[in-house]
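Worksheet: the structure to be examined is printed underneath.
The values are calculated or read from the model by the stated rules, or taken from the named source; none is laboratory data. Since the model is a prediction, treat every value here as computed from it, not as a measurement. Note that we place each Cβ from the backbone using ideal geometry, even for glycine, and neighbour counts take in every protein chain shown.
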């Protein structure tokens with residue numbers, strides 16, 4: 001549970017609050033559908049670069065391409081799962097290069113202005129480089145992959 005106090009709030013109130021936020025956003029986005037979609041997908045693309053680097057490196061480097069090393073039985077046992085801090089840290093490190101490499105309608109960084117949008121590529125490369133030492137440290141501290 002994210003915040004235990006939320007457990008006391010009836011679920012329909014979460015739905016009403018979500019709709020109160022989503023309906024005005026949808027009305028605004030509908031007026032500028034293509035622009036809104038492109039802006040949204042560009043941000044998701046930068047995140048996907050970080051995510052792809054972590055998943056690929058975890059499988060190849062730390063799990064030696066062994067899909068059986070993923071134990072689905074421990075999905076809800078927090079102590080046996082990786083903390084995820086290595087992935088978060090590596091992704092945050094990559095933001096330092098992703099932002100200057102962006103070329104989107106709402107922001108263009110200095111690298112993106114000269115070369116074009118390299119946000120995804122820089123997210124992938126920098127996250128991949130930063131993930132190895134952070135994940136190695138995480139494995140040493142946790143004692144397991």
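Which condition does residue 53 not pass, out of (1) under 25 Å from residue 87 (Cβ atoms); (2) surrounded by 11 or more Cβ atoms within 10 Å (Cβ to Cβ); (3) at pLDDT below 95, if it passes all the others?
(3)
Give the residue, chosen from 61, 43, 16, that is part of a helix (DSSP H, G or I), at pLDDT 90 or above, out of contact with any strand residue (DSSP E or B) (no Cβ under 8 Å at 6 or more places or on another chain) and closer than 19 Å to residue 124 by Cα.
Testing whether each residue is part of a helix (DSSP H, G or I), at pLDDT 90 or above, out of contact with any strand residue (DSSP E or B) (no Cβ under 8 Å at 6 or more places or on another chain) and closer than 19 Å to residue 124 by Cα leaves just 61.
Test each condition in (1) within 28 Å of residue 126 (Cα to Cα); (2) surrounded by fewer than 11 Cβ atoms within 10 Å (Cβ to Cβ) for residue 5 and report the one that comes out false.
Answer for residue 5: the failing condition is (1).
Among the listed residues 112, 89, 49, which satisfies the condition of being over 30 Å from residue 144 (Cα atoms), part of a helix (DSSP H, G or I) and in contact with a helix residue (DSSP H, G or I) (Cβ under 8 Å, 6 or more places away or on another chain)?
112
Go through (1) touching a strand residue (DSSP E or B) at 6+ places or on another chain (Cβ under 8 Å); (2) touching a residue at least 24 places away in the same chain (Cβ under 8 Å) one by one and return the number of the condition residue 122 breaks.
It is condition (1) that residue 122 fails.
Against the condition closer than 20 Å to residue 38 by Cα, touching a helix residue (DSSP H, G or I) at 6+ places or on another chain (Cβ under 7 Å) and part of a helix (DSSP H, G or I), how does residue 122 come out, does it pass?
yes
Residue check: is residue 82 within 15 Å of residue 144 (Cβ to Cβ), outside any helix (DSSP H, G or I) and in contact (Cβ under 8 Å) with a residue 24 or more places away in the chain?
In short, yes.
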